[in-house]
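Read the structure below first, then the notes.
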Amino acid sequence: MYIPKHFRNENIDQVREFIKANSFGILVSQTEGNLFATHIPLELDQNEAGKDILCGHISKANPQWRNFKSETEVLAIFSGSHTYISSSWYDHENVPTWNYMAVHVRGKIQIIEGEKLMLALKKLVDKYESASENPVSIEKMSSKMLEKEIKGIIAFEIEIEKIEAAYKLSQNRDAKNHENIIKELEKRGDENSLKVAEQMGKGRK
C-alpha cells in the first residue's frame, strides 16, 4: 500500500487495536489465476509460538479456499472511518481530499481443523455474543447441528508477516487548519465525520 511518510502509523499496539475494532475485513488471494476477495470477520490472535495471526473461515462453496495451500501468501484489508475533506475549510487555496484509516496485512495462510478450528469458532462467537441478553455459545449448540455446520466451512489462520497502516488525518496541515478541519467535521455531525474528528484530535495530543 502506498503511504506517504507523514500518514504512516507504526505504533503496533494502536494498529492491533484498530484491527480488533474493525475486524470485518477483506481477504484477497489468487484463485485459479484470478484475484478473489471475500468479506469476512478476521480475528487477531496469537499462535502457540506467540506470533500474531488472523483467524477466519469461509464457506466451502466459496472457491477461494481451493488455493489455500500451505505457505500461500494472502492479503487482508481492514478499513476504519473515512470522510470527505473540503478545501473550503482551509485558510489558503488548495484541493479537496479524503481522510481515512486503513490497515493492510500480508501473511501465509494455512487451513486449520479439529481443536484449532473449534477454538477459533468459540473465540469468534464469544466475542460477538458478549453484549447479547441471551448469548449463544459453541458449548450450548447441539453436536448434531454443529457437526453439520462445520462440514460447510473452511477455517484458516494467517501468520502475519507484514503490517502497513495508513492514518490519513490531515497531519500535513498546520495547527490552525488542522483544528478548523476538526470543527467542520464536528459540525457536519455524521458518524464517519465525528469519528475522524476524534482521531484527528488524538493525533495532535
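The values are calculated or read from the model by the stated rules, or taken from the named source; none is laboratory data. Note that this is a predicted model, so its numbers are computed, not measured. Here Cβ is always computed from backbone atoms with ideal geometry, including for glycine, and neighbour counts include all displayed protein chains.
Search the range 162-190 for residues being in contact (Cβ under 8 Å) with a residue 60 or more places away in the chain and of a type in the set (Asp, Glu), and hand back the single one that is nearest to Glu113 (Cα to Cα). Result: Glu164.
Is it the case that some residue within the range 79-101 is under 16 Å from Ile160 (Cα atoms), under 16 Å from the mean Cα position of the chain (by Cα) and either at pLDDT 95 or above or assigned to a loop (DSSP other than H, G, I, E, B) (or both)? No, the range 79-101 contains no residue that is under 16 Å from Ile160 (Cα atoms), under 16 Å from the mean Cα position of the chain (by Cα) and either at pLDDT 95 or above or assigned to a loop (DSSP other than H, G, I, E, B) (or both).
Looking only at residues in the range 42-69 that are part of a loop (DSSP other than H, G, I, E, B) and among the polar types (S, T, N, Q), which one is modelled with the lowest pLDDT? This residue is Asn47. Scanning the range 50-62 for residues that are touching a strand residue (DSSP E or B) at 6+ places or on another chain (Cβ under 9 Å) and either loosely packed, with under 14 Cβ neighbours inside 10 Å or among the basic types (Lys, Arg) (or both) yields Lys51, Ser59, Lys60. Of the residues making up the range 14-41, those that are under 17 Å from the mean Cα position of the chain (by Cα), outside any helix (DSSP H, G or I) and of a type in the set (S, T, N, Q) number 4.
Here is a yes/no grid of residues against (1) over 27 Å from Glu186 (Cβ atoms); (2) surrounded by 13 or more Cβ atoms within 10 Å (Cβ to Cβ); (3) in contact (Cβ under 8 Å) with a residue 40 or more places away in the chain; (4) among the charged types (D, E, K, R):
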position	(1), (2), (3), (4)
Glu17	no, no, no, yes
Ile26	yes, yes, yes, no
Glu43	yes, yes, yes, yes
Gln64	yes, yes, no, no
Trp89	no, yes, yes, no
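Looking only at residues in the range 70-82 that are buried (at least 18 other Cβ atoms within 10 Å of the Cβ) and touching a helix residue (DSSP H, G or I) at 6+ places or on another chain (Cβ under 7 Å), the one that is nearest to Asn177 (Cα to Cα) is Ser81.
If you check Val95, Val136, Val125, which single one turns out to be within 30 Å of Glu179 (Cα to Cα) and among the hydrophobic types (A, V, I, L, M, F, W, C)? One residue alone meets the criteria, Val95. Across the range 106-123, the qualifying residues are those that are in a helix (DSSP H, G or I) and buried (at least 19 other Cβ atoms within 10 Å of the Cβ), and the one among them that is farthest from the chain's Cα centre (by Cα) is Leu117.
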